[in-house]
1. How about the range 140-185: which of its residues are free of Cβ contacts under 8 Å to residues at least 40 places away in the same chain, touching a helix residue (DSSP H, G or I) at 6+ places or on another chain (Cβ under 7 Å) and either crowded, with 16+ Cβ neighbours inside 10 Å or hydroxyl-bearing (S, T, Y) (or both)?
2. Suppose we filter T220, T263, T258, T279 for residues that are farther than 29 Å from T162 by Cα and buried (at least 20 other Cβ atoms within 10 Å of the Cβ); which single one remains?
3. Test of understanding: among T111, T166, which residue is farther than 30 Å from E245 by Cα and not aliphatic (A, V, I, L, M)?
4. Any chance you could count how many residues in the range 240-255 are more than 13 Å from N71 (Cα to Cα), surrounded by fewer than 20 Cβ atoms within 10 Å (Cβ to Cβ) and among the polar types (S, T, N, Q)?
5. Could you check the range 52-70 and list, in sequence order, the residues that are part of a helix (DSSP H, G or I), polar (S, T, N, Q) and farther than 13 Å from F259 by Cα?
6. Pairs under 7 Å by beta carbon, first residue surrounded by 11 or more Cβ atoms within 10 Å (Cβ to Cβ) in the range 29-53, partner assigned to a loop (DSSP other than H, G, I, E, B) and of a type in the set (F, W, Y), six or more apart or different chains?
7. Mind checking which helices (runs of 4 or more DSSP H) fall wholly inside the range 242-308 and carry at least 1 residues that are modelled with pLDDT of 90 or more and within 20 Å of P30 (Cα to Cα)?
8. For the range 46-59, how many residues are over 29 Å from the mean Cα position of the chain (by Cα) and either within 16 Å of P271 (Cβ to Cβ) or not aliphatic (A, V, I, L, M) (or both)?
Amino acid sequence: MLITKRKFPVHILVFLLPAAAIYSLFMVLPLIDSLRLSFYNQSVVGQPVFVGLANFQTLFGNPGWSERFWNALGNNFVFFTIHTLVQNPLALLLATLLTVRRLRGRVIYRTLIFAPTTLSIVIVGFTWSLILSPTWGIFNGLLQALGFGRDAMPPLLGLPGTSLITVSLMSVWQYVGLPMVLLMAALLTVPDELIEAANVDGASAWEVFVKIKLPLILPTLGIVEVLTFVGNFNAFDLVYASQGELGAPNFGTDILGTFFYRTFYGIQLQPGNPTMGTTIAAVMFLIILGGVLLYLFGWQRRIARLQG
């Protein structure tokens, strides 16, 4: 019996090549060139000179650079941790509640929760700065109306101990709708037959969620977590809009994105340094790549083992 080999579907390339070409032109090639630039420095006359790993040695070995880098990296991990512990569990809770068919006005609630993700970052940062202002902010007025005194509202965005947490919660408020939508889509794919069978057996709503729904949406939870990781370590705009490029106060909200920005483009009397800026960008890329690989080879294998 002759076995005929199936021909490769060449027509698929017709659809893939344009998208691949555009992606390579605007994403892959700039990334490669940025990595290349991190191995160079500028000479006295402004010509690029290959220096190997010298820029990375400066970033990690020079106290003037390393202190700011480790501070920004630590703030980034705090930023990510708050999103992991607050945003994603809250998104799961909202997704679970908004997929209950007996809940009235589900569409309205979904729209209201998702709406902040469509707002401009500048508007969000400026609005929350006004709301949290200890002088004329809404929260300050509410506290005064409740009898807490004129100075009851602390400057949450102006204190090193509270500014990073406050900015993180502002980001959670704006972006909680995105993981909520992903988790809602996953919950809606859970077969009704499984839930009905569990209800017939006398399972409670909590048991149905923990033993049926949660195991089935674990792959989506993994995707939400890795998207949170990538998004948080690429974060820049909200911190810049609300706290400035210096990550005020006293670099308390400085993250890798703002550190890269002021290094590459310069700030005030400090000139820009493109080679050190691309070095920081290269380290950011390696951190994000490491997190994604950990997800692919760690979380995905564990999920495959549980589902197998």
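1. M153, L156
2. T279
3. On inspection, the qualifying residue turns out to be T111.
4. 0
5. Passing the criteria: N55, Q57, T58.
6. Once the first residue is surrounded by 11 or more Cβ atoms within 10 Å (Cβ to Cβ) and sits in the range 29-53, its partners that are assigned to a loop (DSSP other than H, G, I, E, B) and of a type in the set (F, W, Y) give V51/F39.
7. Because the criterion is at least 1 residues that are modelled with pLDDT of 90 or more and within 20 Å of P30 (Cα to Cα), the helices (runs of 4 or more DSSP H) in the range 242-308 that meet it are 256-265, 274-294.
8. Result for the range 46-59: 5.
The values are calculated or read from the model by the stated rules, or taken from the named source; none is laboratory data. Treat the numbers as computed from the prediction; the structure is a model and nothing was measured. Counting neighbours? That spans all protein chains shown, and the Cβs are built from the backbone with ideal geometry, glycine included.
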